[in-house]
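S.K.: Got a structure for you, questions after.
What follows draws every value from the coordinates through simple rules; no lab data is involved. Quick caveat, the model's predicted, so the values are computed rather than measured. Cβ sites come from the backbone with ideal geometry, for glycine too, and all protein chains shown count toward neighbours.
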Amino acid sequence: TVDSSETCQSMAENQTSINQSSPHPSDPDAVSDLCQSLAAANTRHAVPVSCAMDRHQSMYKNRGRAALDQVERRRKELELQKQRRFNAMSLARRLAEDDWTTKDVDENDDLDDDLVSVADTNETLATEELTADDTAESLQRKRRPGKNYRNQLMLSEWLMEIPDNLETEFLLKLCPQGKRVLVVAAKGITKTFDRRGRCIMTFPSELPGGCRQFRAGLTVLDCIWDTSSFHVLDIMHWRDLQLYDTETSLRFHWLETNFVESAPNVCRRTPKNRHPFLIVESHSCQRERLAEFLTLQPPFPLDGVLFYHQRGAYTFGHTSLVGWLKPYMLTEVLGLPCHQHYSIGLPADYQGWLVDVERFEATRRQMALAYSQDRQLRRQQQQTRSENSHSMVD
């Protein structure tokens, strides 16, 4: 607020000085002086890109606004969960049967409504921006699953602030390097889908519904695929038990206590279970426990660290209820010493947590723009070929 008032006062002073020296339109020299004054005024309030210190200052000013926005959206999403109309059993049936055409006779089934899905950029950049001004209705639309296997995963946001209730309301999970996938086991076969809903693998598993010998039941998992094993981050359905509307703490507890016990062979490779499913354990964010845990060597190569709000249900698309940091950011953000493996991947020009987040976001925007332009070009080429083929027929 102080920064904003100072900026407004400074801009008002600039405008006053410019107005006092405003020239007559017919005076070319005066007009040139005015243009220079305007450029100087704009330059004073632009975000410098070349100066590292100014980048830091700008990021930390914006950090306050982004943090407040994230806190407010987190509050809204928790409130929305209490009133959302979502037929989880209908979604489970559609995932099992790959049936997205029929409409269930259920007044609460909104899966066939017009949905606002995650923006289609590319496989790793799918996102939809949410703001604190989003209404409950718009948030509810954004939190519905897609009409196919796309937009079925709960995705994180950059952690822009340290929540006041981090120690009491959040759980931490290490995220291994690999590909984020949706695993659906049903009718005697196990299928894996990427974030865009494309089936990338089919194989037998000993998950309920995953092979001919375990044909009964349905399993829906949120996993990381590392080319040899599946690391299970979350669970949404197991046999006849749907867990979409269950709080995160209960889903994680069930996953870590009942998963292997209910299917003892899923954690190793067998003829009926082609790829192992390994549980990614959750950890308390209480400072003493976290300090002890972070000094241990991670069990696998890390891509990042996830912070789950314990009271969050499983939702769809990006959500403020799941925060994300790169491993090398933890020491700075949490103020805790970490094992040396957390520093792997630290950029040589690392200038701080928020500056690095902005760097990632700038790269994401560039890639999204390039993807959009490439897709538009392909559409134009396809339209041109179609017009040429029609003209040849004529």
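S.K.: Show me, for the range 255-264, the HN-Hα J-couplings you get by feeding each phi into the Karplus relation (A = 6.51, B = -1.76, C = 1.60, θ = phi - 60°), rounded to Hz, glycine and proline as x.
M.R.: Values per residue, Gly and Pro as x: 4, 7, 10, 10, 4, 5, 5, 6, 9, x Hz.
S.K.: If you don't mind, there's one more thing I want to ask. Give me, ordered by chain and number, the residues 5 or more places off Thr190 or on other chains with an amide H under 5 Å from its own placed amide H.
M.R.: So Thr190 has HN proximity to Phe203, Ser205.
S.K.: Taking R0 as 41 Å, what's the FRET efficiency between Gln382 and Ser228 from their Cβ-Cβ distance, rounded to 0.05?
M.R.: The pair Gln382/Ser228 has a calculated efficiency of 0.60.
S.K.: Residue-wise, which Karplus ³J(HN,Hα) couplings in Hz belong to the range 357-369, taking 6.51 cos²θ - 1.76 cosθ + 1.60, θ = phi - 60°, and x for glycine or proline?
M.R.: Ordered by residue, 3J(HN,Hα) equals 4, 4, 5, 4, 5, 5, 5, 4, 5, 5, 5, 5, 5 Hz.
S.K.: While we're on this one: Based on the mean of other beta carbon atoms within 10 Å per residue, what is the order of 181-188, 298-305, most packed first?
M.R.: Put in order of decreasing packing, that is 181-188, 298-305.
S.K.: Per residue of the range 184-189, in order, report the coupling 6.51 cos²θ - 1.76 cosθ + 1.60 (Karplus, θ = phi - 60°) as ³J(HN,Hα) in whole Hz, putting x for Gly and Pro.
M.R.: 10, 10, 7, 6, x, 8
S.K.: Using only Cα atoms, locate the centre of the range 362-392 and the centre of the range 276-312, then give the distance between them in Å, rounded to an integer.
M.R.: Centre-to-centre (Cα) distance: 42 Å.
S.K.: How much length is gained if the chain between Thr270 and Ile344 is pulled fully straight, taking 0.36 nm per residue apart and subtracting their Cα-Cα distance, in nm to one decimal?
M.R.: So the extension gain works out to 23.3 nm.
S.K.: Per 0.36 nm of contour for each residue apart, how much would the distance between Trp254 and Tyr371 grow if the chain were fully extended, relative to their Cα-Cα spacing?
M.R.: Additional length available on full extension: 38.1 nm.
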